[in-house]
Amino acid sequence: MTTSKGDISIELFPQKAPITVKNFLNYVNSGFYNGTIFHRVIQRFAVQGGGFTADMVEKPNRDAIINESKSSKLRNERWTVAMARTDDPNSARSQFFINMRMNLNLDARMGRDGYAVFGRVIDGQNVVRDIAISKTHTVNYMSDVPVEPILIISTKVK
């Protein structure tokens with residue numbers, strides 16, 4: 001992933017989260033993420049992107065996918081990549097986030113779905129750190145939006 005702050009390499013976990021990885025790769029291979037931004041940045045928590053253009057317009061998405069947080073048994077540990085969603089556990093589409101710390105409160109628990117982890121940052125942690133310390137503000141109804149847009153320029157599979 002090439003961003004306006006530098007490159008980020010993500011290792012995917014298709015054996016543990018096959019539906020989520022396939023969904024992410026469909027967005028990557030279609031070029032969907034190119035020109036989107038990291039639109040939500042919360043220091044010492046997570047950076048989220050993959051759904052909005054630089055002018056804060058949400059891109060049209062594919063259908064939502066099934067949440068694999070329980071079946072994968074993957075945890076929201078530092079540097080892992082997970083799917084963003086609404087309160088509906090099965091609402092993840094294109095948006096993803098990178099965990100900046102151990103966010104185990106986002107994991108599946110008895111009677112509760114978590115946020116499905118599907119990969120981890122293996123190179124470019126310094127880039128993610130730079131994104132995470134960006135100055136933010138509120139735009140329309142959204143808080144934690146970087147003042148200077150952080151662009152996802154391109155994504156590709158190695």
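Taking the criterion of being more than 17 Å from LYS16 (Cα to Cα) and hydroxyl-bearing (Ser, Thr, Tyr), the residues of segment 94-151 that qualify are SER94, SER134, THR136, THR138, TYR141, SER143. Residues in segment 69-85 that are assigned to a loop (DSSP other than H, G, I, E, B) and among the small types (Gly, Ala, Ser): ALA84 alone.
Within segment 60-85, the set of residues being among the hydrophobic types (A, V, I, L, M, F, W, C) and open to solvent by less than 50 Å² (accessible area, probe 1.4 Å) comprises ALA64, ILE65, LEU74, TRP79, VAL81, ALA82, MET83, ALA84. If you check THR36, THR3 for being surrounded by 19 or more Cβ atoms within 10 Å (Cβ to Cβ), of a type in the set (S, T, N, Q), in contact with a helix residue (DSSP H, G or I) (Cβ under 9 Å, 6 or more places away or on another chain) and more than 16 Å from TYR115 (Cα to Cα), only one passes: THR3. Reported count of residues in segment 68-111, each being basic (Lys, Arg), farther than 19 Å from GLY50 by Cβ and within 15 Å of the chain's Cα centre (by Cα), is 3.
With respect to VAL127, determine if the residue is within 26 Å of GLY31 (Cβ to Cβ) and open to solvent by less than 70 Å² (accessible area, probe 1.4 Å). First the steps, then the outcome.
Working: within 26 Å of GLY31 (Cβ to Cβ): yes; open to solvent by less than 70 Å² (accessible area, probe 1.4 Å): yes.
So VAL127 passes the test.
Examine segment 17-33 for a residue that is assigned to a strand (DSSP E or B) and in contact with a strand residue (DSSP E or B) (Cβ under 8 Å, 6 or more places away or on another chain), and state whether such a residue exists. Scanning segment 17-33, I find no residue that is assigned to a strand (DSSP E or B) and in contact with a strand residue (DSSP E or B) (Cβ under 8 Å, 6 or more places away or on another chain), so the answer is no. Being part of a helix (DSSP H, G or I) and among the β-branched types (Val, Ile, Thr) is a property that ILE66 lacks. Listed conditions (1) among the hydrophobic types (A, V, I, L, M, F, W, C); (2) surrounded by 13 or more Cβ atoms within 10 Å (Cβ to Cβ); (3) out of contact with any Gly (no Cβ under 8 Å at 6 or more places or on another chain) are all met by VAL57, apart from (2). Are any residues in segment 86-124 of a type in the set (A, V, I, L, M) and either open to solvent by 80 Å² or more (accessible area, probe 1.4 Å) or outside any loop (DSSP other than H, G, I, E, B) (or both), and if so, which ones? Result: ILE98, MET102, LEU104, LEU106, MET110, VAL117, VAL121, ILE122. Restricting attention to segment 125-146, the residues that are free of Cβ contacts under 8 Å to residues at least 24 places away in the same chain, assigned to a loop (DSSP other than H, G, I, E, B) and either under 17 Å from PHE45 (Cα atoms) or charged (D, E, K, R) (or both) add up to 1.
Within the bounds of segment 40-47, is there any residue that is surrounded by fewer than 16 Cβ atoms within 10 Å (Cβ to Cβ) and either in contact with a His (Cβ under 8 Å, 6 or more places away or on another chain) or farther than 18 Å from ASP144 by Cα (or both)?
First, the residues of segment 40-47 that are surrounded by fewer than 16 Cβ atoms within 10 Å (Cβ to Cβ): 42-44.
The next check asks that each one be either in contact with a His (Cβ under 8 Å, 6 or more places away or on another chain) or farther than 18 Å from ASP144 by Cα (or both); those that pass are none.
The answer is no; no qualifying residue exists.
Among the residues of segment 6-33, the ones that are more than 15 Å from THR80 (Cβ to Cβ), surrounded by fewer than 19 Cβ atoms within 10 Å (Cβ to Cβ) and of a type in the set (Ser, Thr, Tyr) come to 1 in all.
The values are calculated or read from the model by the stated rules, or taken from the named source; none is laboratory data. Since we're looking at a predicted model, the values are computed, not measured. Glycine gets a Cβ as well: all are built from the backbone with ideal geometry, and neighbour counts include every protein chain shown. Side chains are part of the model used for accessible areas, which takes the heavy atoms of the whole protein and leaves out ligands, DNA and RNA. Shrake-Rupley method; radii C 1.70, N 1.55, O 1.52, S 1.80 Å.
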